[in-house]
Structure formats: structure tokens, C-alpha cells
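The values are calculated or read from the model by the stated rules, or taken from the named source; none is laboratory data. Worth saying up front: this structure is predicted, and the values here are computed from it rather than measured. Glycine gets a Cβ as well: all are built from the backbone with ideal geometry, and neighbour counts include every protein chain shown.
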Amino acid sequence: MQIDRTLSPTQYQPGSNRLRTPQTVARRWLAAAACLMLTACGHTQNWSQAPAFVTIGGTVTGLTGLAGTLVLSDNGVDPLSVSYDGAFTFALSIASGSAYNVTIKAQPVGQTCTLSNASGTTTSDVTNIGISCANTPTIGGTVSGLLGTLVLRDNGADDLTVNANGPFTFATPVASGGAYAVTVFTQPAGQTCTVSNGSGTATAAVTTVVVACQTFTIRPLPSIYSTAKAVDYSPYRAGGPNAGEVPSNADIIQDLQLMQKAGFTLIRLFGADAVAENILNLANTNTPSLKFQVGIYLEGAPASCVDSVNDTQIATGIRLANTYPNVVTVSVGNETSFAGNLPINCLVSYIQTVRNQVAQPVTADDDYTFYAGYDANKNYAPDTVLQTIDFASIHIYPFSNTGLWDWQQLSVPAGPARATAMMNAALAELKTAYAAVASYSYKNAAGVTTTIGASMPITIGETGWKAVPTNPGAPIEQVTNPAIANPVNAKMYYDLLGTWTGAGAPVSIFYFEAFDEAWKGTDDGWGLWDKTRTARYALCGTAVGTACTSPLYAGAGYFH
């Protein structure tokens, strides 16, 4: 068929052999209009393919309403405010088969809400989005006695500066059921503040932390520190505390009576536990003239300073000091700077906790390098510790620190003269280390720059000389025939300690140690008695020892 090319474009339908007359065009528009008024006009029409729409929602639980409003969002738009528990539905529907992603735009005040089933692809109305809300408790309490500026710290991070007495609240809340641990980070000048009720778990706002501040005054040492012979004592004879050894009453009484008979009346203990309490109880009955410096063992602790072992030791140490009249001082920690795993603020907090609850003078036993501030990075600077203790108890071992002094004494002829020169040099090293501590400068609790020697008593809490070699890795213990680690050299060192008196001398020196401790392996052999409780040569001439030989120091070891 031929097509009339003169027809207008609106009247010609390409691909068809039919003409579109004005009448047929009009009829089609009428049909289309009628179709729009119906729900469908056949499977070939575009509007019949429009997607279905679905709603997005779920359920909120735990929202208090009083805590404020929770604001949600779907796909970054369509904000929805929710104030109470129950079902929620976003205002805008989305096309079936498309993605949804519900997020929290604003948490309610004092609460934290979490989402579940928050995203996916729709096939029908979504009703299973879960939102669970829980309280986020604030941590606070009260301060009393404050005269300056105090900085508190919660959980090792959240710092709060306090300038006045009254209530306080940390800015950062914790999760419901989360832990809190309040400590003193910076003391006010001239005062020490201690924290009670400072740790726990919070399910609601905490207002019970108590911070009490007092003007710091050093407590004087009892007079026995100036007059007594002092010794370090551990009662273990076999496997030691790590093996669960429990010394018998008979063994402890024997030890106490031996020390008393040898003239020792001031005894230092290392831990606060059932064994220590048994020692104090038995001494109270059997050797009442003995007085004790009770130790509190500390292990490492996290930044929060919360540690179950430490907490138990501290609580027991406080109870022992308040129960037994033969406890005259308390020491918090032993050489914690060597381990390096106890934050200094935790040590300070522990000291303050103990000192606030006992009447005795309090110290922290540590190596002399700690108190002399020898750590190059000042990680263990003792300043804050010095502001909280009544006396410094330091440990010095020339025998173990041979890299710091001339122990070989090669300028002196080999023989007894070289042995004597070595032991005199050891005493000189002891005095040098002590002087470094005494001259250490710091600001005391009142903010006044002073030195340790000018501000508080100093005791030597540990020093000694090995009577038998037990560590073949140490050069000084490799010397044999005669050995330098032998009872005669220990006698020489023990006697030299007795000559150090007067100005510039420590208030007292605790000899390490009374009895050997076989469980310590290469660190054994320091005892004035061996593990069988046989007195060594250092105690010759006393009520517990044998007669001394003549010449007195025959057989002393020296480098050769």
C-alpha cells in the first residue's frame, strides 16, 4: 500500500499501516483519561508498575522519659523523636525492596541507647528494629576539709579540678553497670586528701564518694627506731608463699625467740596476710618485747588502681595495725619501682588510704635509686610519694651493685688486706647511696622545697651481704677459694654497719635477713641463720652463735 506523505505527523503512526485521523487521536486521549480514574488499565500501562511502599519501625525499651528525648533517623533523614518506651514508626514510608538504615542522632540525657536489627532491605513493613536504653550514671560525692586545689581522677583518665568543699560530679558518666574508681591525682598544697567509697559499679548516679582533706604533719618515729637492732624476717622454710607454705606455730615461735635472744627487737615483715597476723599474735604472747614494721604487699595495678590482691592486702594491713599493739610502723609496697607495673598515683592513693586509717607512721619501702630520683625519664620520681609518707625506708645492696663501685680493689695486695679494703669500699658505697637519697630535693606537702634528709627520717630497710654463693651468673659470686660470698665477709659487713652512727647516718638499719629462704633460689643465702636455724659466723660471740675465731676475720674472701 502507498502512504500519502502529505498527512501530518500526528496522523501518521510509523510501523503501522493505519492512518491516525483527528477522530482516532481524540478517542485515544479520552480512553487514557478514563483509565487514569481506574485502579488499573491493563498490564501494558506504566502506572501499573509503581512500587509498593512500606513503613519502618520497631520497639524502644528502657527509655525513662524523664531522661530526655531520643532522636532517631532513617537513611540519614526523616528524624523521629521518641520520649517513652513502646512502638515507633518513621513518618516517611520507603519503596519496597529498598534499603533502610536506622541510626541514633541524639542520645537521651543520662542514658545510652543501643540498636539491633537497625539496617536491611525491605520486603514488607519493618517492625523488628530494637532499641534498648540504659542509664549512664554520673559519678560524684563530697569533699571536706579542702583548703586549696585538688585534682580527682576517675578510672585513670577523667580528671576533675575541685577548688571548694561540697558536692562534686565528674563530667564523664559511665555505662550502666560499669566500674568507677576515684583517686586523688594531685594533692592540694600542704594537705593530703584521701578517698573512701571510691570504687564500685554504677547502675544509677553515684553520690557517695567521700574525699577528706587534712593538713599533712609528719608523724615521728617511735624511739625504738633509734635504739634497737633491726632485722628483716620471713618465716618460710620450704616452698614459700607461692607454694602455699604455712609456717607452723612452733617454727614461728622458734624464730621469734632466736631473734630476741640475738638482740633483735625491731622486726620488719613483708606482707599483710594470715601468716603475718599469726606472727604478730604469737609474738604478742611469747616475745612481747619485739616490735614490728608491718609490710603491705602490692602487685601491679591498672590505671584505675583497682586490684583485688592489693585491696585485700591494704585492708588486712590496716586491721593488723589497729589490732596489734606491737605494730609500730606500716610500710606500703616493697620495691614497686623495680617492677614498674604500679602507676605512681596508685601507690600514692594506697599510701593515703592506709595512713588515713592508722595512727602509726607510714612509709613505702623501695630501692634507693627510686628515692634518689635516678630514673632518667622521671617515671618513678618520688615527689608525690614523699608528700604522703612519714619516713623514707630505702634498700641498698653494694654486694649486688658491683658495677657502681670498685669491689675488686686491685690496687691493694691480694690477701686479707684486699678483703678489708673491699669491705670498707662496700660501706663507702652504702654511704654514697644514702647521701644521694638524703640530698634529693623536692616540694613537700606544704609546697616548700626541701630535701629528704632535712624533711623526714631515713631508715635503711634492707642491706646485707651473702654468706654463701647462690647465683653463678654474678661476677662477685664466681670468686672461689675463698669465696667473697662467705660467712666471714658477711660478718665484716655486719660489723661495719654497727660503726655507722652519728650525724649523716640513718635512724636505723634493718639487716637483710634473719634466716635463709631456700625457695628464693639464686637470691637465697643472705641469712644470719641458715635454713636449719643454725647461726652463721656473723652472730659469733652472741648468745645464739659460736665463739669467734682469732684473728676475727680470718678466711675472708677477695678478688683474685
I'd like to check something: does the range 369-385 contain any residue that is closer than 19 Å to TYR225 by Cα, among the aliphatic types (A, V, I, L, M), touching a strand residue (DSSP E or B) at 6+ places or on another chain (Cβ under 8 Å) and assigned by TED's automatic domain parsing to the domain that holds ASP232?
no
Consider LYS491 against the criteria (1) modelled with pLDDT of 95 or more; (2) part of a loop (DSSP other than H, G, I, E, B): it satisfies all of them except one. Which criterion is unmet?
(2)
If a residue has to be closer than 14 Å to ASN278 by Cα and buried (at least 18 other Cβ atoms within 10 Å of the Cβ) to count, how many in the range 224-246 make the cut?
4
Select from the range 152-180 the residues that are surrounded by fewer than 15 Cβ atoms within 10 Å (Cβ to Cβ), aliphatic (A, V, I, L, M), over 18 Å from the mean Cα position of the chain (by Cα) and closer than 17 Å to SER199 by Cα and list them in ascending order.
ALA171, ALA175
If you check GLU299 against the conditions, is it in a loop (DSSP other than H, G, I, E, B) and either without any contact (Cβ under 8 Å) to a residue 12 or more places away in the chain or in the same structural domain as ASP366 (by TED's automatic domain parsing) (or both)?
yes
Scan the range 336-354 and tell me whether some residue there is among the aromatic types (Phe, Trp, Tyr) and part of a loop (DSSP other than H, G, I, E, B).
no
When you look at GLN214, is it in contact with a Gly (Cβ under 7 Å, 6 or more places away or on another chain) and modelled with pLDDT under 95, yes or no?
yes
How do the pairs read when you match residues in the range 152-181 that are more than 18 Å from VAL210 (Cβ to Cβ) with residues anywhere that are assigned to a strand (DSSP E or B) and among the basic types (Lys, Arg), using Cβ under 7 Å and keeping only pairs 6 or more apart or on different chains?
ASP159/ARG153
Being under 30 Å from ALA490 (Cβ atoms) and hydroxyl-bearing (Ser, Thr, Tyr) is the filter; apply it to the range 418-451 and report the residue that is farthest from the chain's Cα centre (by Cα).
THR420
For residues that are surrounded by 20 or more Cβ atoms within 10 Å (Cβ to Cβ) and more than 27 Å from ASP255 (Cα to Cα), tally how many sit in the range 518-560.
3
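Yes or no, residue by residue, for (1) in contact (Cβ under 8 Å) with a residue 60 or more places away in the chain; (2) within 23 Å of THR459 (Cβ to Cβ):
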| position | (1), (2) |
| --- | --- |
| THR265 | no, yes |
| ARG268 | yes, yes |
| ASN278 | no, no |
| ASN284 | no, no |
| VAL294 | no, yes |
| ALA303 | yes, no |
| THR323 | no, no |
Determine, yes or no, whether GLU517 is under 27 Å from ALA433 (Cβ atoms) and either outside the structural domain of LYS261 (by TED's automatic domain parsing) or in contact (Cβ under 8 Å) with a residue 12 or more places away in the chain (or both).
yes
Can you name every residue in the range 307-361 that is among the polar types (S, T, N, Q) and closer than 14 Å to TYR297 by Cβ?
SER308, ASN310, THR312, GLN313, THR316, SER331, ASN334, THR336, ASN341
Which residues, taken from the range 472-500, are polar (S, T, N, Q) and either within 22 Å of THR534 (Cα to Cα) or surrounded by 18 or more Cβ atoms within 10 Å (Cβ to Cβ) (or both)?
ASN486, ASN489
